[in-house]
Amino acid sequence: MSNNLCKWCSALPGLLLLVMGWGYLSGAQRSVIVHVSVPPLAWSGSALEAKLKRQLSRDGDLIIVTVPDTSPGRPEFPHDAYNTDNLTNWGMEVGGRYLLTVEVHSERLEKRKLYHFPLVFHKYVTVGVIEGELRLIDITRGKLLSAEPFKVEQKGPQVFQATMDDNINDPDLHLTAPGKTKFFDRLEEKLASHVAGWVRKVMRLR
C-alpha cells in the first residue's frame, strides 16, 4: 500500500504539469491572428481592423494575437493572399492557432434608383457598400477552414423627385466629407459584427 502511495506521490508533479499544459494548449487553440487589408480610401483611413479586434475580443473563448507593424523581425505578409501554405507559414512565424484574413476589395458609395413613375416622380438613394473576401485558416493543421465573399450595405440619403428631370446627381444625395467619415464608420462597424459572427459560426463557439 505504501509503495503504491509513493508511486502516486512521485507521479503527481508530472500529472499537474500535464494538466497545466493541457490548459495552456486549450487556450492557445483559440488564439486568432487578425489580418485586414483595405485599399486606400479617398475620404478617410479605415478603422476596420481595430473594430474587428474589439468585436472578437468580447468573446471569452478567443485570444486576439496582436503584433505591431513596427515589431522587429515581423515577417512580411504573403503577397499571394490565396495560398494556404504561404499563409500558414506566416501564421506560424507570428504565433497563433488560427489566422483570419479580411481582404476588402471595394469600399464605395453607389446611387441607386428605388422606383420611378416616368415623367411623374422618382426616388433615389445613396448606398454605402463594402465587399471582399474572408478566410479562416487552422495554422496547426495547415487547413483552410472556410472562405467566402462578403458584401455589406447601408442606406444613406434618399431623395424623392416629383419632377420630370429624373436627376441621379441630385445634390441632396451627396454626403459631405465629415458625413462620409461617419457613414463609413458605422458601415465598418456593421461589417465587423458580421465577420465576428462568421468566425464564431466556423469555429462553432456558439
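For this structure, a couple of remarks:
- Highest-first arrangement of 54-63, 190-199, where packing means the average Cβ count within 10 Å: 190-199, 54-63
- Relative to the current alpha-carbon distance between E76 and T181, full extension at 0.36 nm per residue lengthens the span by 34.8 nm.
- Full extension of the chain between E93 and A42 gives 15.0 nm of extra length, using 0.36 nm per residue less the Cα-Cα distance.
- All C-alpha pair distances within the range 31-203, sorted into 5 Å bins from zero, spread as 1, 8, 16, 17, 16, 13, 9, 7, 5, 4, 3, 2, 0 percent across the bins.
- Magnitude of the charge dipole, the range 31-203, Cβ model with Lys/Arg +1 and Asp/Glu -1, debye to 20: 500 debye
- Given K123/K190; K53/K190; K155/K180, the pairs whose alpha carbons are separated by over 18 Å: K123/K190
Every number here is computed from the coordinates shown, using simple stated rules; none is lab data. Treat the numbers as computed from the prediction; the structure is a model and nothing was measured. All Cβ positions, glycine included, derive from the backbone under ideal geometry; neighbour counts span all protein chains shown.
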